[in-house]
Amino acid sequence: MNSLLKKLLVVALAAPAFAFAQTPVDKVVATVAGEPITAQDVMERANVNLSILKAEGRKLTAAQQKEVANSSFSEVIEERVLLNQARKVGVSVSDSDVSKGIAEVAQAQNSTADALKANIIKQGGDKGWNMFNRDIKTELTIRALKKQEVLDKINVSQSEIDAFLAANKLGANNPIPKGDYL
């Protein structure tokens, strides 16, 4: 949950205000499977991404900020497509799953779920906490979809692995080479 952790905590604790355009926030900028994506949705995601970059100490030019906004738009569309597919195939996560996800995030920060919640509410109010919960649920739903639709369908036998290693002259006597290309 490291990337999820990073994104969610930065959003919840850092809530910066970036202005990207003069577009009204309720303006529909795209539609995915009949569901609108508003300028507000895109601005929220861009704020998350910019907050992460800022927390990493990166300084962005106006052109780079625009690029982040554009990639954020793509992320929102991809997320909506995946959530729509999850609904179609019956993938969902329970409130209990969300609570466990929050506990994992808190534990990774050497905190408790209650302390994490209090800190998020202190920084971002109830809206920040609700966004945090929504983002955890979204991330867990997408993971469950990928697991069900991809990972659970991958069956590789030991003999297939052995054949691949032999064909590529890899294995115990000839380990996988290390390098940037892997």
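Do you know which residues across the range 103-120 are part of a loop (DSSP other than H, G, I, E, B) and touching a Leu at 6+ places or on another chain (Cβ under 9 Å)? Full working, then the answer.
Applying the first criterion (part of a loop (DSSP other than H, G, I, E, B)) to the range 103-120 yields 109-112.
If the condition is that a residue be part of a loop (DSSP other than H, G, I, E, B) and touching a Leu at 6+ places or on another chain (Cβ under 9 Å), then GLN109 is the only one that fits.
Determine the pairs where a residue that is open to solvent by 60 Å² or more (accessible area, probe 1.4 Å), located within the range 56-75, has a partner that is of a type outside the set (Lys, Arg) and in a helix (DSSP H, G or I) with Cβ atoms under 7 Å apart, the partner being 6 or more residues away or on another chain.
PHE73/VAL42
So is ALA115 without any contact (Cβ under 8 Å) to a residue 40 or more places away in the chain and open to solvent by less than 60 Å² (accessible area, probe 1.4 Å) or not?
Numbers: without any contact (Cβ under 8 Å) to a residue 40 or more places away in the chain: yes; open to solvent by less than 60 Å² (accessible area, probe 1.4 Å): yes.
Judged against the criteria, ALA115 is a match.
Going by the structure shown, is ASN119 among the polar types (S, T, N, Q) and closer than 25 Å to GLU75 by Cα? Step through it out loud before you land on a result.
On the way: among the polar types (S, T, N, Q): yes; closer than 25 Å to GLU75 by Cα: no.
No; evaluated as a whole, the condition is false for this residue.
The values are calculated or read from the model by the stated rules, or taken from the named source; none is laboratory data. Since the model is a prediction, treat every value here as computed from it, not as a measurement. Every residue, glycine as well, gets a Cβ built from its backbone with ideal geometry; the counts of neighbours run over all protein chains shown. Note: accessible area is taken over every heavy atom of the protein model, side chains too, but ligands, DNA and RNA are not part of it. Shrake-Rupley method; radii C 1.70, N 1.55, O 1.52, S 1.80 Å.
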